[in-house]
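This report concerns only the one structure given below.
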(Lines give C-alpha, C1' and ligand atoms only; values in the text may rest on other atoms or scores of the structure.)
Protein backbone atom coordinates (compact mmCIF):
# COMPACT_ATOMS: atom_id res chain seq x y z
CA UNK A 1 0.00 0.00 0.00
CA UNK A 2 1.47 3.38 -0.98
CA UNK A 3 1.97 6.19 1.50
CA UNK A 4 -0.20 9.14 0.47
CA UNK A 5 -1.40 12.50 1.62
CA UNK A 6 -4.59 14.21 0.51
CA UNK A 7 -4.30 17.55 -1.29
CA UNK A 8 -6.76 20.39 -0.87
CA UNK A 9 -8.48 19.30 -4.11
CA UNK A 10 -8.85 15.76 -2.95
CA UNK A 11 -6.18 14.37 -5.28
CA UNK A 12 -3.76 11.70 -3.99
CA UNK A 13 -0.07 12.62 -3.96
CA UNK A 14 2.28 9.67 -3.55
CA UNK A 15 5.18 10.06 -1.10
CA UNK A 16 8.34 7.94 -1.11
CA UNK A 17 7.30 5.83 -4.13
CA UNK A 18 9.89 3.14 -3.26
CA UNK A 19 7.80 2.22 -0.23
CA UNK A 20 4.93 1.20 -2.51
CA UNK A 21 7.13 -1.65 -3.66
CA UNK A 22 7.52 -3.05 -0.10
CA UNK A 23 5.34 -5.70 1.44
CA UNK A 24 3.98 -5.13 4.94
CA UNK A 25 6.55 -7.55 6.33
CA UNK A 26 9.46 -5.78 4.70
CA UNK A 27 8.08 -2.39 5.76
CA UNK A 28 7.92 -3.60 9.37
CA UNK A 29 11.46 -4.94 9.15
CA UNK A 30 12.68 -1.61 7.78
CA UNK A 31 10.91 0.25 10.57
CA UNK A 32 12.44 -2.01 13.22
CA UNK A 33 15.90 -1.66 11.69
CA UNK A 34 15.64 2.13 11.77
CA UNK A 35 14.31 2.06 15.34
CA UNK A 36 17.01 -0.24 16.68
CA UNK A 37 19.68 1.71 14.83
CA UNK A 38 18.55 4.88 16.64
CA UNK A 39 18.52 3.00 19.96
CA UNK A 40 22.04 1.68 19.38
CA UNK A 41 23.30 5.14 18.40
CA UNK A 42 21.69 6.60 21.53
CA UNK A 43 23.24 3.87 23.70
CA UNK A 44 26.68 4.43 22.16
CA UNK A 45 26.41 8.17 22.74
CA UNK A 46 25.40 7.49 26.36
CA UNK A 47 28.43 5.25 26.87
CA UNK A 48 30.92 7.48 25.06
CA UNK A 49 29.76 10.91 26.25
CA UNK A 50 28.54 9.46 29.56
CA UNK A 51 26.70 12.61 30.71
CA UNK A 52 25.66 11.14 34.07
CA UNK A 53 29.07 9.68 34.92
CA UNK A 54 27.99 6.03 35.04
CA UNK A 55 30.63 4.47 32.77
CA UNK A 56 33.76 6.65 32.54
CA UNK A 57 34.71 4.52 29.52
CA UNK A 58 35.95 7.52 27.54
CA UNK A 59 36.93 10.60 29.55
CA UNK A 60 38.69 13.11 27.33
CA UNK A 61 39.71 16.47 28.75
CA UNK A 62 37.77 19.28 27.15
CA UNK A 63 35.37 16.86 25.48
CA UNK A 64 33.42 14.93 28.11
CA UNK A 65 35.48 14.65 31.30
CA UNK A 66 33.24 17.15 33.13
CA UNK A 67 29.92 15.45 33.94
CA UNK A 68 27.89 18.55 34.68
CA UNK A 69 24.37 17.00 34.65
CA UNK A 70 25.19 14.30 37.24
CA UNK A 71 23.80 16.15 40.26
CA UNK A 72 20.23 15.61 39.06
CA UNK A 73 20.74 11.85 39.13
CA UNK A 74 22.90 11.18 42.20
CA UNK A 75 20.24 9.02 43.84
CA UNK A 76 20.91 6.25 41.33
CA UNK A 77 24.46 7.07 40.21
CA UNK A 78 26.00 6.73 43.69
CA UNK A 79 24.31 3.43 44.73
CA UNK A 80 25.34 1.84 41.40
CA UNK A 81 28.85 3.25 41.39
CA UNK A 82 29.74 2.48 45.01
CA UNK A 83 28.66 -1.14 44.44
CA UNK A 84 30.91 -1.37 41.38
CA UNK A 85 33.87 0.32 43.06
CA UNK A 86 36.65 -1.65 44.67
CA UNK A 87 37.31 1.11 47.18
CA UNK A 88 38.28 0.20 50.72
CA UNK A 89 37.66 3.74 52.02
CA UNK A 90 34.15 5.17 51.62
CA UNK A 91 32.92 8.69 52.43
CA UNK A 92 29.26 9.15 53.38
CA UNK A 93 27.40 12.39 53.98
CA UNK A 94 26.17 15.39 52.06
CA UNK A 95 27.89 17.51 49.40
CA UNK A 96 30.73 18.29 51.81
CA UNK A 97 31.78 14.64 51.68
CA UNK A 98 32.26 15.16 47.93
CA UNK A 99 34.24 18.39 48.05
CA UNK A 100 36.24 18.72 51.29
CA UNK A 101 38.93 16.10 50.59
CA UNK A 102 38.64 16.18 46.79
CA UNK A 103 42.33 16.99 46.28
CA UNK A 104 43.64 15.12 49.35
CA UNK A 105 42.85 11.49 48.58
CA UNK A 106 46.58 10.79 48.49
CA UNK A 107 46.95 11.95 52.10
CA UNK A 108 48.71 9.64 54.56
CA UNK A 109 45.51 9.45 56.63
CA UNK A 110 44.09 7.11 53.99
CA UNK A 111 47.28 4.99 53.81
CA UNK A 112 47.35 4.92 50.00
CA UNK A 113 43.87 3.36 49.87
CA UNK A 114 41.33 3.47 47.06
CA UNK A 115 38.61 5.98 47.99
CA UNK A 116 35.04 6.39 46.76
CA UNK A 117 32.72 9.19 47.85
CA UNK A 118 29.11 8.08 48.17
CA UNK A 119 27.85 11.39 49.55
CA UNK A 120 24.97 13.23 47.86
CA UNK A 121 23.82 16.83 47.92
CA UNK A 122 21.48 17.56 50.82
CA UNK A 123 21.88 14.09 52.28
CA UNK A 124 20.50 13.46 55.78
CA UNK A 125 21.29 11.14 58.68
CA UNK A 126 18.64 8.76 57.31
CA UNK A 127 20.33 8.62 53.91
CA UNK A 128 23.68 7.97 55.63
CA UNK A 129 22.12 5.02 57.45
CA UNK A 130 20.63 3.62 54.24
CA UNK A 131 23.93 3.95 52.36
CA UNK A 132 25.77 2.25 55.24
CA UNK A 133 23.32 -0.64 54.92
CA UNK A 134 23.96 -0.69 51.18
CA UNK A 135 27.76 -1.07 51.49
CA UNK A 136 27.92 -3.31 54.56
CA UNK A 137 28.87 -6.42 52.54
CA UNK A 138 31.68 -4.71 50.65
CA UNK A 139 35.34 -5.19 51.54
CA UNK A 140 35.56 -1.74 53.10
CA UNK A 141 38.14 -1.10 55.81
CA UNK A 142 37.45 2.56 56.61
CA UNK A 143 34.24 4.64 56.52
CA UNK A 144 34.12 8.39 57.19
CA UNK A 145 30.69 9.94 57.73
CA UNK A 146 30.23 13.72 57.43
CA UNK A 147 27.42 14.73 59.78
CA UNK A 148 26.24 17.75 61.73
CA UNK A 149 23.05 19.38 62.99
CA UNK A 150 21.94 20.09 59.40
CA UNK A 151 21.70 16.34 58.83
CA UNK A 152 18.76 16.15 61.24
CA UNK A 153 16.33 18.55 59.62
CA UNK A 154 17.26 18.68 55.97
CA UNK A 155 14.11 19.41 53.96
CA UNK A 156 15.69 18.97 50.54
CA UNK A 157 13.87 17.24 47.68
CA UNK A 158 16.48 14.51 47.86
CA UNK A 159 15.52 13.56 51.40
CA UNK A 160 11.83 13.60 50.61
CA UNK A 161 12.56 10.99 47.91
CA UNK A 162 14.24 8.65 50.41
CA UNK A 163 11.69 8.37 53.18
CA UNK A 164 10.29 4.92 52.52
CA UNK A 165 11.06 1.53 51.02
CA UNK A 166 8.95 2.34 47.95
CA UNK A 167 11.16 5.21 46.83
CA UNK A 168 13.33 4.79 43.75
CA UNK A 169 16.39 5.38 45.92
CA UNK A 170 15.48 2.52 48.27
CA UNK A 171 14.83 0.18 45.34
CA UNK A 172 18.45 0.63 44.26
CA UNK A 173 19.92 -0.38 47.63
CA UNK A 174 21.07 -3.86 48.65
CA UNK A 175 18.94 -3.79 51.81
CA UNK A 176 15.54 -2.58 52.94
CA UNK A 177 15.20 -0.16 55.84
CA UNK A 178 14.36 -3.06 58.19
CA UNK A 179 17.66 -4.77 57.39
CA UNK A 180 16.26 -7.48 55.14
CA UNK A 181 18.00 -8.22 51.84
CA UNK A 182 16.51 -6.46 48.80
CA UNK A 183 15.89 -9.31 46.33
CA UNK A 184 13.97 -7.13 43.85
CA UNK A 185 16.88 -4.75 43.29
CA UNK A 186 17.54 -6.26 39.85
CA UNK A 187 14.21 -4.88 38.59
CA UNK A 188 15.27 -1.34 39.43
CA UNK A 189 18.66 -2.00 37.83
CA UNK A 190 17.00 -3.04 34.56
CA UNK A 191 14.86 0.11 34.61
CA UNK A 192 17.93 2.27 35.27
CA UNK A 193 20.03 0.76 32.50
CA UNK A 194 17.12 0.88 30.04
CA UNK A 195 16.54 4.53 30.86
CA UNK A 196 20.24 5.25 30.64
CA UNK A 197 20.81 3.53 27.30
CA UNK A 198 17.52 4.08 25.51
CA UNK A 199 16.26 7.46 26.69
CA UNK A 200 16.46 10.27 24.18
CA UNK A 201 17.00 12.63 27.13
CA UNK A 202 20.53 11.24 27.07
CA UNK A 203 21.07 12.95 23.70
CA UNK A 204 20.18 16.32 25.21
CA UNK A 205 22.34 15.71 28.29
CA UNK A 206 25.23 14.61 26.07
CA UNK A 207 24.98 17.84 24.12
CA UNK A 208 24.95 19.80 27.40
CA UNK A 209 28.03 17.88 28.55
CA UNK A 210 30.00 18.80 25.44
CA UNK A 211 28.82 22.42 25.46
CA UNK A 212 29.70 23.05 29.13
CA UNK A 213 33.23 21.66 29.30
CA UNK A 214 34.47 25.18 30.07
CA UNK A 215 32.06 25.50 33.02
CA UNK A 216 33.50 26.55 36.37
CA UNK A 217 30.80 24.68 38.29
CA UNK A 218 30.82 21.24 39.88
CA UNK A 219 31.31 18.05 37.89
CA UNK A 220 31.50 14.37 38.83
CA UNK A 221 34.80 12.49 38.93
CA UNK A 222 35.49 8.73 38.80
CA UNK A 223 35.98 8.47 42.56
CA UNK A 224 32.60 10.09 43.28
CA UNK A 225 34.12 13.41 44.36
CA UNK A 226 33.12 16.71 42.81
CA UNK A 227 35.69 18.54 40.74
CA UNK A 228 35.40 22.26 40.06
CA UNK A 229 33.89 24.82 42.41
CA UNK A 230 30.96 27.19 42.80
CA UNK A 231 30.35 29.20 39.65
CA UNK A 232 29.73 32.69 41.04
CA UNK A 233 28.53 34.04 37.69
CA UNK A 234 29.04 37.69 38.55
CA UNK A 235 27.50 37.41 42.04
CA UNK A 236 29.22 38.43 45.23
CA UNK A 237 30.22 35.56 47.51
CA UNK A 238 28.13 37.07 50.31
CA UNK A 239 24.99 36.25 48.34
CA UNK A 240 25.89 32.57 48.59
CA UNK A 241 26.26 32.92 52.36
CA UNK A 242 22.79 34.44 52.52
CA UNK A 243 21.41 31.62 50.36
CA UNK A 244 22.82 28.84 52.57
CA UNK A 245 21.67 30.54 55.78
CA UNK A 246 18.19 31.12 54.41
CA UNK A 247 17.72 27.74 52.70
CA UNK A 248 19.31 25.37 55.22
CA UNK A 249 18.61 27.11 58.54
CA UNK A 250 16.18 30.00 58.57
CA UNK A 251 13.42 28.69 56.28
CA UNK A 252 13.40 25.03 57.49
CA UNK A 253 13.39 26.07 61.15
CA UNK A 254 10.81 28.81 60.63
CA UNK A 255 8.22 26.06 60.11
CA UNK A 256 9.16 24.36 63.40
CA UNK A 257 7.58 25.77 66.58
CA UNK A 258 10.07 27.52 68.82
CA UNK A 259 9.15 25.08 71.60
CA UNK A 260 10.21 22.08 69.49
CA UNK A 261 13.91 21.26 69.30
CA UNK A 262 15.10 20.91 65.70
CA UNK A 263 16.37 17.31 66.03
CA UNK A 264 13.00 15.98 67.23
CA UNK A 265 11.52 15.58 63.78
CA UNK A 266 7.85 14.73 63.35
CA UNK A 267 8.86 12.07 60.80
CA UNK A 268 10.72 8.84 61.52
CA UNK A 269 13.82 9.55 59.48
CA UNK A 270 16.09 12.42 60.50
CA UNK A 271 16.14 11.70 64.23
CA UNK A 272 18.42 10.31 66.93
CA UNK A 273 16.55 7.03 66.53
CA UNK A 274 18.05 6.76 63.06
CA UNK A 275 21.45 7.79 64.42
CA UNK A 276 21.25 4.96 66.96
CA UNK A 277 20.54 2.44 64.19
CA UNK A 278 23.43 3.84 62.16
CA UNK A 279 25.91 3.56 65.06
CA UNK A 280 24.73 0.04 65.95
CA UNK A 281 25.22 -1.01 62.33
CA UNK A 282 28.67 0.63 62.32
CA UNK A 283 29.69 -1.48 65.34
CA UNK A 284 28.72 -4.63 63.46
CA UNK A 285 30.72 -3.52 60.43
CA UNK A 286 34.19 -4.88 59.79
CA UNK A 287 35.29 -1.37 58.86
CA UNK A 288 36.70 1.38 61.06
CA UNK A 289 33.92 3.98 61.18
CA UNK A 290 34.49 7.65 62.07
CA UNK A 291 32.33 10.77 62.14
CA UNK A 292 33.45 14.20 61.02
CA UNK A 293 31.53 17.29 62.09
CA UNK A 294 32.97 19.59 59.42
CA UNK A 295 33.99 23.21 59.98
CA UNK A 296 31.45 25.93 59.28
CA UNK A 297 31.91 29.66 59.09
CA UNK A 298 31.25 31.59 62.30
CA UNK A 299 28.20 33.16 60.65
CA UNK A 300 26.42 29.80 60.83
CA UNK A 301 26.60 29.83 64.62
CA UNK A 302 25.48 33.45 64.69
CA UNK A 303 22.41 32.44 62.69
CA UNK A 304 21.65 29.73 65.24
CA UNK A 305 22.04 32.25 68.04
CA UNK A 306 19.90 34.86 66.31
CA UNK A 307 17.15 32.24 65.88
CA UNK A 308 17.25 31.29 69.55
CA UNK A 309 18.53 27.80 68.68
CA UNK A 310 21.91 27.88 70.40
CA UNK A 311 20.78 25.66 73.30
CA UNK A 312 19.25 23.25 70.76
CA UNK A 313 22.61 22.97 69.06
CA UNK A 314 24.45 22.35 72.32
CA UNK A 315 21.97 19.66 73.35
CA UNK A 316 22.25 18.06 69.90
CA UNK A 317 26.01 17.72 70.34
CA UNK A 318 25.68 16.41 73.91
CA UNK A 319 23.13 13.80 72.84
CA UNK A 320 25.27 12.77 69.89
CA UNK A 321 28.15 12.00 72.25
CA UNK A 322 25.86 10.31 74.78
CA UNK A 323 24.30 7.99 72.20
CA UNK A 324 27.70 7.14 70.72
CA UNK A 325 29.10 6.12 74.12
CA UNK A 326 25.92 4.39 75.29
CA UNK A 327 25.84 2.11 72.23
CA UNK A 328 29.58 1.43 72.52
CA UNK A 329 29.10 0.30 76.12
CA UNK A 330 26.19 -1.88 75.06
CA UNK A 331 28.33 -3.43 72.31
CA UNK A 332 31.28 -3.79 74.70
CA UNK A 333 33.39 -1.83 72.26
CA UNK A 334 35.19 1.52 72.00
CA UNK A 335 33.04 4.51 70.95
CA UNK A 336 33.27 5.64 67.33
CA UNK A 337 35.58 8.61 66.88
CA UNK A 338 33.79 11.95 66.42
CA UNK A 339 36.10 14.60 64.93
CA UNK A 340 34.59 18.02 65.66
CA UNK A 341 35.97 20.90 63.58
CA UNK A 342 33.40 23.48 64.69
CA UNK A 343 35.19 26.39 66.34
CA UNK A 344 35.75 30.14 66.28
CA UNK A 345 39.30 30.60 65.03
CA UNK A 346 41.28 32.55 62.45
CA UNK A 347 39.93 30.30 59.67
CA UNK A 348 36.24 30.14 60.57
CA UNK A 349 36.03 33.90 61.19
CA UNK A 350 37.45 34.74 57.74
CA UNK A 351 36.02 38.01 56.42
CA UNK A 352 33.15 37.63 53.95
CA UNK A 353 33.41 40.04 50.97
CA UNK A 354 30.75 42.81 50.92
CA UNK A 355 27.70 42.63 48.63
CA UNK A 356 29.14 44.90 45.98
CA UNK A 357 32.39 42.96 45.69
CA UNK A 358 32.00 40.41 42.88
CA UNK A 359 35.69 39.69 42.32
CA UNK A 360 37.09 38.85 45.79
CA UNK A 361 36.90 35.17 46.70
CA UNK A 362 37.58 33.85 50.19
CA UNK A 363 40.59 31.68 50.89
CA UNK A 364 38.94 28.95 52.96
CA UNK A 365 35.19 29.00 52.25
CA UNK A 366 32.77 28.86 49.31
CA UNK A 367 29.87 29.63 51.68
CA UNK A 368 28.98 28.97 55.33
CA UNK A 369 29.32 25.19 55.09
CA UNK A 370 31.35 24.32 51.99
CA UNK A 371 35.07 24.64 52.58
CA UNK A 372 37.79 24.70 49.96
CA UNK A 373 40.08 21.67 49.46
CA UNK A 374 43.00 23.58 50.98
CA UNK A 375 41.21 23.49 54.31
CA UNK A 376 40.37 19.82 53.77
CA UNK A 377 44.09 19.00 53.67
CA UNK A 378 44.64 20.94 56.90
CA UNK A 379 41.82 18.93 58.50
CA UNK A 380 43.55 15.66 57.57
CA UNK A 381 46.86 16.98 58.91
CA UNK A 382 45.16 17.76 62.22
CA UNK A 383 43.56 14.31 62.36
CA UNK A 384 46.85 12.57 61.56
CA UNK A 385 48.82 14.45 64.24
CA UNK A 386 46.06 15.06 66.78
CA UNK A 387 46.82 16.56 70.18
CA UNK A 388 44.33 17.48 72.89
CA UNK A 389 45.43 21.12 72.97
CA UNK A 390 44.51 21.60 69.32
CA UNK A 391 42.19 24.58 68.81
CA UNK A 392 40.92 23.50 65.38
CA UNK A 393 39.62 20.01 66.09
CA UNK A 394 38.35 18.10 69.11
CA UNK A 395 37.62 14.41 69.54
CA UNK A 396 34.21 14.60 71.17
CA UNK A 397 33.70 12.52 74.30
CA UNK A 398 31.63 12.94 77.45
CA UNK A 399 34.77 14.47 79.01
CA UNK A 400 35.55 16.92 76.18
CA UNK A 401 32.17 18.04 74.90
CA UNK A 402 31.42 20.61 77.63
CA UNK A 403 34.83 22.25 77.24
CA UNK A 404 34.30 22.41 73.48
CA UNK A 405 30.87 24.02 73.92
CA UNK A 406 32.36 26.50 76.38
CA UNK A 407 34.91 27.51 73.74
CA UNK A 408 32.10 28.06 71.23
CA UNK A 409 30.24 30.33 73.67
CA UNK A 410 33.42 32.34 74.28
CA UNK A 411 34.03 32.56 70.54
CA UNK A 412 30.52 33.87 69.99
CA UNK A 413 31.03 36.69 72.49
CA UNK A 414 34.33 37.66 70.88
CA UNK A 415 32.84 37.59 67.38
CA UNK A 416 29.98 39.82 68.51
CA UNK A 417 32.48 42.41 69.70
CA UNK A 418 34.76 42.18 66.68
CA UNK A 419 32.15 41.85 63.92
CA UNK A 420 29.03 43.75 65.08
CA UNK A 421 27.98 44.56 61.48
CA UNK A 422 28.00 40.87 60.55
CA UNK A 423 25.85 39.94 63.53
CA UNK A 424 23.43 42.80 62.79
CA UNK A 425 23.11 41.71 59.16
CA UNK A 426 22.30 38.16 60.29
CA UNK A 427 19.65 39.48 62.68
CA UNK A 428 18.12 41.50 59.84
CA UNK A 429 17.99 38.39 57.64
CA UNK A 430 16.32 36.45 60.45
CA UNK A 431 13.75 39.21 60.94
CA UNK A 432 12.83 39.15 57.25
CA UNK A 433 12.32 35.37 57.18
CA UNK A 434 10.38 34.94 60.43
CA UNK A 435 6.86 36.33 60.52
CA UNK A 436 7.06 36.33 64.30
CA UNK A 437 9.88 38.80 64.81
CA UNK A 438 10.03 38.02 68.54
CA UNK A 439 11.72 34.71 67.66
CA UNK A 440 14.86 36.55 66.52
CA UNK A 441 17.38 37.64 69.17
CA UNK A 442 18.76 41.12 68.60
CA UNK A 443 22.51 41.73 69.03
CA UNK A 444 21.53 44.27 71.68
CA UNK A 445 20.06 41.43 73.77
CA UNK A 446 23.42 39.62 74.02
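The values are calculated or read from the model by the stated rules, or taken from the named source; none is laboratory data. Since the structure is predicted, the reported quantities are computational estimates derived from the model, not experimental observations. All Cβ positions, even for glycine, are placed from backbone atoms using ideal geometry, and neighbour counts span all protein chains on display.
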If you go through region 140-160, how many residues are at pLDDT 90 or above, in a loop (DSSP other than H, G, I, E, B) and surrounded by 19 or more Cβ atoms within 10 Å (Cβ to Cβ)?
-> 3
Among the residues listed as 309, 246, 318, the single one being buried (at least 19 other Cβ atoms within 10 Å of the Cβ), in contact with a helix residue (DSSP H, G or I) (Cβ under 9 Å, 6 or more places away or on another chain) and assigned by TED's automatic domain parsing to the domain that holds residue 101 = 309
Looking across region 212-243 at residues that are in contact with a helix residue (DSSP H, G or I) (Cβ under 8 Å, 6 or more places away or on another chain) and under 27 Å from residue 426 (Cα atoms), the single one that is surrounded by the most Cβ atoms within 10 Å (Cβ to Cβ) is 241
Do you know which residues across region 315-374 are more than 27 Å from residue 414 (Cα to Cα) and touching a strand residue (DSSP E or B) at 6+ places or on another chain (Cβ under 8 Å)?
-> 324, 336, 337
From (1) farther than 27 Å from residue 415 by Cα; (2) outside any helix (DSSP H, G or I); (3) touching a strand residue (DSSP E or B) at 6+ places or on another chain (Cβ under 9 Å), pick out the condition that doesn't hold for residue 278.
-> (2)
Residues being in a helix (DSSP H, G or I) and either surrounded by 21 or more Cβ atoms within 10 Å (Cβ to Cβ) or without any contact (Cβ under 8 Å) to a residue 60 or more places away in the chain (or both): count how many of those fall in region 83-109.
-> 5
Take region 55-78 and flag every residue that is without any contact (Cβ under 8 Å) to a residue 24 or more places away in the chain and part of a loop (DSSP other than H, G, I, E, B).
-> 55, 57, 58, 60, 61
Candidates 130, 52, filtered to the one that is assigned to a helix (DSSP H, G or I) and modelled with pLDDT under 95 = 130
What about residue 127, is it under 18 Å from residue 294 (Cα atoms), touching a helix residue (DSSP H, G or I) at 6+ places or on another chain (Cβ under 8 Å) and crowded, with 24+ Cβ neighbours inside 10 Å?
-> yes
Among 251, 208, 290, which is the only one that is touching a residue at least 60 places away in the same chain (Cβ under 8 Å) and under 30 Å from residue 41 (Cα atoms)?
-> 208
For region 3-26, enumerate the residues that are surrounded by 10 or more Cβ atoms within 10 Å (Cβ to Cβ) and modelled with pLDDT of 75 or more.
-> 26
Would it be correct to say that residue 344 is farther than 20 Å from residue 273 by Cα and modelled with pLDDT under 95?
-> no
